[in-house]
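Asks: Okay, here's the structure, questions in a sec.
The values are calculated or read from the model by the stated rules, or taken from the named source; none is laboratory data. Every value quoted in this text rests on a predicted model; they were computed, and no experiment measured them. Ideal geometry is used to build each Cβ from the backbone, glycine not excepted, and the neighbour counts take in all protein chains shown. Heads up: the accessible areas ignore ligands, DNA and RNA and are worked out on the full protein's heavy atoms, side chains in. Shrake-Rupley method; radii C 1.70, N 1.55, O 1.52, S 1.80 Å.
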Amino acid sequence: MRKIFAFGVLTSALFFTGPAFAAVSEETTYILNTFSFLVNGVLVMFMAAGFAMLESGLVRAKNTAAICLKNIALYSVAGLAYYVVGYNLMYVDVGNIMGKFALFYNPSGAELALINAEEATDGLVSAVVDSGYSTMSDWFFQMVFVATAASIVSGTLAERIKVWPFIIFVTVLSAVIYPIQASWVWGGGWLDAAGFSDFAGSTLVHSVGGWAALTGALILGARRGKYGSGGSIHPMPGANLPLATLGTFILWFGWFGFNGGSQLALGSALDASAMALVFVNTNLAAAAGVVTAMALTQAIYGKMDLSMCLNGALAGLVSITAGPDLQNPLLSIIVGGVGATLAVLVVPLLDKVKIDDVVGAIPVHLVAGIWGTLAVGIFGSGSFTTQLMGIVAVGVFVSVVSSVVWLALKYTIGIRVSEEEEEMGLDTFELGLEAYPEFGRAM
Amino acid sequence: MRKIFAFGVLTSALFFTGPAFAAVSEETTYILNTFSFLVNGVLVMFMAAGFAMLESGLVRAKNTAAICLKNIALYSVAGLAYYVVGYNLMYVDVGNIMGKFALFYNPSGAELALINAEEATDGLVSAVVDSGYSTMSDWFFQMVFVATAASIVSGTLAERIKVWPFIIFVTVLSAVIYPIQASWVWGGGWLDAAGFSDFAGSTLVHSVGGWAALTGALILGARRGKYGSGGSIHPMPGANLPLATLGTFILWFGWFGFNGGSQLALGSALDASAMALVFVNTNLAAAAGVVTAMALTQAIYGKMDLSMCLNGALAGLVSITAGPDLQNPLLSIIVGGVGATLAVLVVPLLDKVKIDDVVGAIPVHLVAGIWGTLAVGIFGSGSFTTQLMGIVAVGVFVSVVSSVVWLALKYTIGIRVSEEEEEMGLDTFELGLEAYPEFGRAM
Amino acid sequence: MRKIFAFGVLTSALFFTGPAFAAVSEETTYILNTFSFLVNGVLVMFMAAGFAMLESGLVRAKNTAAICLKNIALYSVAGLAYYVVGYNLMYVDVGNIMGKFALFYNPSGAELALINAEEATDGLVSAVVDSGYSTMSDWFFQMVFVATAASIVSGTLAERIKVWPFIIFVTVLSAVIYPIQASWVWGGGWLDAAGFSDFAGSTLVHSVGGWAALTGALILGARRGKYGSGGSIHPMPGANLPLATLGTFILWFGWFGFNGGSQLALGSALDASAMALVFVNTNLAAAAGVVTAMALTQAIYGKMDLSMCLNGALAGLVSITAGPDLQNPLLSIIVGGVGATLAVLVVPLLDKVKIDDVVGAIPVHLVAGIWGTLAVGIFGSGSFTTQLMGIVAVGVFVSVVSSVVWLALKYTIGIRVSEEEEEMGLDTFELGLEAYPEFGRAM
C-alpha cells in the first residue's frame, strides 16, 4: 500500500544497538525518505516535458503550438486541482466524503511548528520524525502522478479537441476521478484490502489516462479525413520525429523516479536495495520493448517504424510499472516484450475500428497497463483474479465518469473545433500563432 | 542568510542521546548537506539548457545558431569568471577589497587533506565535518546561480548583439557585478544586516539579470524594423515554439533545485521538511502563472498566446523565488498569479516605449522579480520597506555599473552587428553556418 | 579501482564512538552509496538522450529518423547484452572465462533475502550492509557506462550504415569487447595491478567507443560525395543545430553523474568531499573547452563554428574524465582546454585522410580520451608510461576485435546501404518515413 511504509524501515531502527552493524537513525530515515520523494518526484515532474515533446513530434505542424499549450496547461491545472481537492479526497477523506470534507491541502502542522520554532527541541523533531517522511514531499510526489495520468489524455485527442473543454476535463480528472479510484488502493481502500497490487500505477495511473483517452476519442470522433470510405486509412505523419524521440528518452529517464520513488522509502538498507531492483527491472523492460517493436515492425511491415519503436519503449515501461519489484530480471524482459507486442498489434486494430489515437496512447497506456497489472498475477505476488477485478473496477468507474464529463462538455460548450479550424490547424485559430512560422515545404 | 545554516541542523545533532528518537550524526549531516548542493546544483546547471532552448525557440531561424552559441558560451564564461574572481569576491574578501584579494577559488585545505590522507583519522574527518558541508559543493551551487543571472541577459538582446562584446559583458557580470551585490545579502553584508530577505534570488539573481538586460536593451536599441512609424509594432515570431516549450519545462524542472537547494541544508528533519515545502510552493506558483496567463490572454486578446503562457510559468517561478517558504500554499498561488499578471501586462508596455526584449526576459525576470521580493514583505517574514530598499539598492548598483560596461563596449569595439548582418542573420556572418540549412518556406 | 571502496568509507565507521563528532552508521553508508549509484546513474542514462539529440542535429534531415532509431536501439541493446553476458564477464568471471561462466546477471541473494523476509532481522540486514552498496545499483551504474561507449559509435558512422548490422556490432561491443577491457582495470585485472589510472573512463569508455568508431569508419568508407577529386571536401551541414546544442547540454548535465558517480561512494565525509571536487573540475574543464574552441575557431577560420564549440565542451569533458580528482581546479582548465584544442585541430586532419566522422566523435572521444588519460600521468597521480601502456593495450585490443567484427559483418550481411538508399536517405528506405515530413526548402 502506497502510504504505509515497509516494516523494514521501522524495524531496522530497532537494531540500532545490535551487535553486527550500526543502523540508520530515525531522523536520518526521515530525511532519506523525504529526499527520495523530492528527487524521484522531480524526475516524474520532468515526464510532463517528455509527453509534451512526444506529442509535439507526433502531431502535424499546424497543431504543434496547441499541443504544447495543452501540455503545460494540463500539468499546471492538475497540480492546482490536486491541491484544492484531489489530495484530500484521496487520502484524508476517503470513505468519509459525506462527512467533513476539507478543500485545500494543508501542510502538516507538526512540520510547520518545527520550521517555525526558535529552537528545534527534542519534542518538535520527534513529532515530525514519527511520521517517517515529510508529508509535503509526499504531496509533491503524488501530485506529479496525477499530472502523468492527465498527460496521457492529450495525445490521443490531439489535433481536434478545443483547449478549454480539454482543460475542464483535466480539472475533473485530477480533482475527482483519479483520486477516488487511487484511494481504493493507495489510500487503503477496498481494492487494497482485497489484495490488488499495483506498485507504481499500471492501472491506477496509466490505464486511468488510457480509459479517459479512449472515451474521449469515441465521443470526440476521428480527425477529418483520417478514415476514408471502404476502410482506407489516411496516414497523418508527425512533423518532428527527433522531438518525439527526445520525449521518449525523457519519459524513460523520468520513469526511474516514477517506479523507483514508488518504493516510498529510502531510509533502510531494505528500501535502498528494493529501489535498486526497481531501477534494474524498469530499464530492462523498456529495453525489451524497443527491441521487440523493432523486430516486430521489421517482420510485419518490412521496415522498422521509429514511432512504433518509441511506443515499444513506453509500452515496456507501462507494463513493468505494476510490478517492477520482480526478483528475476529476466521476467521483466518478458513483461516488457509482451507489452510492446500488444501495443504494436493493437495500433492497426484501433484504426480498423476507426478509433483515432494520434500518438498511440491507448495501446501504450491502456493495453500495456492492463497487461502489466495482470502480469503481477502471473509472475509476481498478486492473484490473477484480484488483479483482473481491480482492472475492471477501475476501468468501469473511469470510463463511466469520463463519458459523463465528455458528454456534458460536448452538449454544452462543445469539445470539437470547427471543420475550418481543423483544416487550418488549431494553432492559428485557438492561439493565433504558428509553431514553425518559417518552415514549410513547397507543395 | 545564504551561507549560514539554520540552527536546526546543529541543534538537532545535540539530541543524539535524546530519549524519543535517534538524530542524525554530524558526518551524515555533512554528507546530506553536500549531496543536496550537488543534486540541486546539477538541476540548476540544466537551466542553462532551458534558457538555450527557450531562446532558440523564440528567435528567428537566421539567428538561432548564434543564440545557441551565446548560451553555451555564457554558461562557460560565467563559471570560469566565478572561479577566477567572483566567488572569492562574494564570500572571501567582501568588505576587504582594498586588502589582500586573492584570485582563483581554492578548495578547502581541510577537505583536500582528508582526501589525500593515508588514513581518515578522527581529527581529519572532524575538521571537515565541522564546516557543515563541502565548500566545493557550495562553490558548485553558487556558480550555477551566477550562470543563471547571465543567462537572462542573452534573450533580451538576441538577434542584434555581437557575440564577443556580449561575452565580455557576461565576464564582468559574473566576476564583479553579481558577486558584489550578492555579497550584500548572501555574503552577510549590509543588506542582510538590515533584514532584507531573498530566499533564492528574485532580486539577487533574477532582477540582476533583468537590470543588465534592460540597460543593454536601451543602449543597444531595438531590432531594425521592429518599431515602425506611428507606433506600429512589427511582430517577429519565434521560429520553433516546441523548443521554447521544452525550454520552459526544463527551467521549471531546474527551478526545484534553484529554490529547494537554497534551503542550503538537508541534514536535519527541519531542513528536509523545509525543502519539501519549497518544492510544493514552487510548483503551485508556476502552475498559477500558467493558468493566469492563459485566462488573461484569452480575455484580452481573444486567443491564448503560447509564448505568453510559457512566460507566465516563468513569471510565477521568479515571483516565488524570494519567498518559497510561505507556510500557506494558497499564498504561493497568489504570488505566482500576480507575477504572471504583471508579466502579461508589461509586455505591451515595453513595446509601447520601444524597448525591444526578444524573449520577454524583462517582464519575467525583472518585473516579477521585484514583485516576488516585495511579496515577502507582504505575505512573508520580511519588512516591505526593507525589501523595497534592497530592490532599489541592487537596481541602482547593477543598472549603473552595467550601463558603464555596455557604453564602454559600445564606444570601443562596438556591440551591434551591421545592418547587413542583422538583415541576413547573425548565423551567417558571425558563425558562418545556418541553424536549419534544409528548412525554409517558399516565400 | 572501480569496484573497491576508498578505505575512508569503512574506516570512518570505526570512529563512531570517537570524541569529536558522530560518524555515519554502516547502514546509512550503504543507503547513501546505493542512492549515489542510482541518482548519478540516472544522469548518465540521460546521456543517451544527449547523444541522440547531438547526432539528430548534426546529420542531414533525410537520415534523422534513422539516427534516432539507432540511438534508442543501441541504448536498449547495450543494456540487454550487459545483462545477459557483459556484467558477469566484466566482474564475475574475468580470468576464469574457461571455467564456469554464467549467463544472466543475478541480483544478490542476500539483498533478495532481505527484501523477501517477513522481518528485517539483524543478520539479514548485516549480510547486506557488509557489501557497502546494493549490487543492483552497481549493475545499473555500470550498465549506463556500457551504453555510453556504444553511443559514441553511432554518430561517426551515421548516414550510411544499415541499422541491423550496427545493432549486431553494438551487441558484441556491449557483451564482450567493453567488458573484457574494462575488467583489466575496473574488474581488478592486470592493468589495475600495473597502476593504470582511469577514474571514470577517458580510456575505458570514451576511447573504446572512439576506436570502435574509427575502425568502423575505415571499413565502412566515407559518405558518397563527401570527398571529391583533388582533395576537395564537400560540407554536409547538420539539419538542426539547436537540437545539437541541446544534446551537448544534456551530455554536460549527465557528465556530473558520469564523473561524480565514479567516486563509487557517498557514505563518508571523504567521499562527499571528493564527489564535490569532481563536480567542480568537470564543469571547469568543459567550460575551458568551450572557450578554447571559440577562440581557436575565431582565430583559424575568422568565425566561431557552433558545432566546433559544442565539440569543445565535449572534448573538455572527455579529457577530464580520467582524472577529475585533480586538486587544483586550474589544472582542470588546462586539461579541458588542451583537449578542446586537440579536437579542433584533428577535425580537419581526419578530413585530409578521408576518414568521414559525421559528428566528430573520433576527435572528441578518442583523441581527447587519450589526452585525458595521459594528463593523469602528467598532472595527477599516475605514471605517464603506465598510462601510455594502458591506452595502447586498450587501443590494440578494441581495434583488432572491432575490425574483425566489422569485417565479418561486411562480408556476410553487409554494413552499407545501397547508393540509391544513401542518396534518398536512410529514413525512407530503412524506416519508411520521414523525420520532418512537412519541412523542406524550395531548391
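Asks: Determine the calculated [θ] at 222 nm for chain A from helices alone, applying -39500 (n - 2.57) to every DSSP H run no shorter than 4 residues and normalising by the residue count; nearest 500 deg cm²/dmol. Working shown, then result.
Replies: Numbers: 17 runs with 268 residues, N = 443.
Per the formula, -20000 deg cm²/dmol.
Asks: Sort shortest first the distances from B:Ala113 to its counterpart in every other copy, using label points 7 Å along the Cα-to-beta-carbon line, and give them in nm.
Replies: 4.3, 4.3
Asks: Further, regarding this structure: Nearest 0.05, what FRET efficiency do A:Glu420 and B:Tyr301 give at R0 = 30 Å with Cβ-Cβ as r?
Replies: Here the calculated transfer efficiency is 0.90.
Asks: Next question, about the same structure. Measure of size requested: the Rg and Dmax of segment B:310-402, with Cα atoms as the atom set and Å as the unit; please supply both.
Replies: 13.4, 40
Asks: Mind checking how much accessible area B and C bury in total, 1.4 Å probe, in Å² rounded to 100?
Replies: The summed interface area works out to 6200 Å².
Asks: While we're on this one: Place +1 on the Cβ of every Lys and Arg and -1 on the Cβ of every Asp and Glu in the protein assembly as shown, take the dipole about the Cα centre, and give the residue among A:Ser137, C:Val344, A:Val367 whose Cα lies farthest towards its positive end.
Replies: Going by the charge dipole, the pick is C:Val344.
Asks: Can you find, among A:Val398, A:Ser126, C:Leu43, the residue sitting farthest towards the positive end of the charge dipole of the protein assembly as shown, where Lys and Arg contribute +1 and Asp and Glu -1 at Cβ?
Replies: A:Val398
Asks: Ok, one more. So which residue, out of B:Asp122, B:Asp356, B:Asp305, gets the largest mean-square fluctuation from a GNM of chain B using Cα contacts under 10 Å as springs?
Replies: Of B:Asp122, B:Asp356, B:Asp305, the most mobile in the Gaussian network model is B:Asp122.
Asks: Please give the residues from segment A:317-348 for which the solvent-accessible area of heavy atoms, probe 1.4 Å, is smaller by at least 50 Å² with all protein chains in place than with the chain isolated.
Replies: Listed in order, they are A:Gln327.
Asks: Okay, next question. Rounded to whole Å and sorted largest first, what semi-axes of the equivalent ellipsoid does the C-alpha gyration tensor of segment B:377-432 yield via the square root of 5 times each eigenvalue?
Replies: Equivalent ellipsoid semi-axes, largest first: 40, 16, 7 Å.
Asks: Taking the Cα atoms only, what angle lies between the long axis of helix B:306-321 and the longest principal axis of chain B, rounded to 10 degrees?
Replies: Result, in degrees: 30.
Asks: Are there trypsin sites (Lys or Arg not before Pro) in segment C:342-443 that DSSP marks as loop and that have at most 14 other Cβ atoms within 10 Å, and which are they?
Replies: C:Lys354
Asks: Then there's this: In segment B:26-124, which trypsin sites (Lys or Arg not before Pro) are in a loop and have at most 13 other Cβ atoms within 10 Å, using DSSP for the loop call?
Replies: Values: sites: B:Arg60, B:Lys62, B:Lys70, B:Lys100; in loops: B:Arg60, B:Lys100.
When the trypsin sites (Lys or Arg not before Pro) of segment B:26-124 are filtered for loop state and at most 13 Cβ neighbours within 10 Å, B:Lys100 remain.
Asks: Let me ask you something else. May I ask you to give the percent of accessible area on chain C that is carbon plus sulfur, with a probe radius of 1.4 Å?
Replies: Answer for chain C: carbon and sulfur cover 65 percent of the accessible area.
Asks: Among C:Ala212, C:Val358, C:Leu89, which residue has its Cα positioned farthest towards the positive end of the charge dipole of chain C, with +1 placed on the Cβ of Lys and Arg, -1 on the Cβ of Asp and Glu, and the dipole taken about the Cα centre?
Replies: Of C:Ala212, C:Val358, C:Leu89, it is C:Val358.
Asks: About the Cα centre of segment B:291-443, what is the dipole size in debye to 20, counting +1 per Lys and Arg Cβ and -1 per Asp and Glu Cβ, all else neutral? Intermediate values should be presented prior to the final figure.
Replies: Values: 6 positive and 14 negative charges, 165 e Å.
I would put it at about 800 debye.
Asks: How large is the direction-averaged shadow of the alpha-carbon convex hull of the protein assembly as shown, in nm²?
Replies: 45.7 nm²
Asks: What's the center-to-center distance, using Cα atoms, between segment B:102-132 and segment B:320-339 in Å?
Replies: A separation of 39 Å, based on Cα centres.
Asks: Out of C:Gln298, C:Gln263, C:Gln181, any idea which swings most in a Gaussian network model of chain C, alpha carbons joined below 10 Å?
Replies: C:Gln298
Asks: I would also like to ask the following. Could you work out which residue, out of C:Met275, C:Met45, C:Met389, moves most in a Gaussian network model of chain C, that is, has the largest mean-square fluctuation with Cα springs under 10 Å?
Replies: Largest GNM mean-square fluctuation: C:Met389.
Asks: Along Cα-to-Cβ, 7 Å out, sits the label point; list in nm, shortest first, how far the one on B:Gly221 is from those in the other copies.
Replies: From this label point to the equivalent ones elsewhere in the assembly: 5.6, 5.6 nm.
Asks: Quick one: check the C-alpha center-to-center distance for segment B:385-443 versus segment C:201-250, whole angstrom.
Replies: Between the Cα centre of segment B:385-443 and that of segment C:201-250, the gap is 33 Å.
Asks: Given Cβ point charges of +1 (Lys, Arg) and -1 (Asp, Glu) and nothing else, what value in debye, to the nearest 20, does the dipole of the protein assembly as shown about its Cα centre take?
Replies: Working: 51 positive and 84 negative charges, 624 e Å.
Its charge dipole is roughly 3000 debye.
Asks: Could you count how many Lys pairs in chain B have their Cα atoms under 27 Å apart, skipping same-chain pairs fewer than 8 positions apart?
Replies: Number of lysine pairs found: 23.
Asks: Roughly how many Å² is the accessible area per residue of chain C, as a whole number, for a 1.4 Å probe?
Replies: Counting only protein heavy atoms, the per-residue value for chain C is 28 Å².
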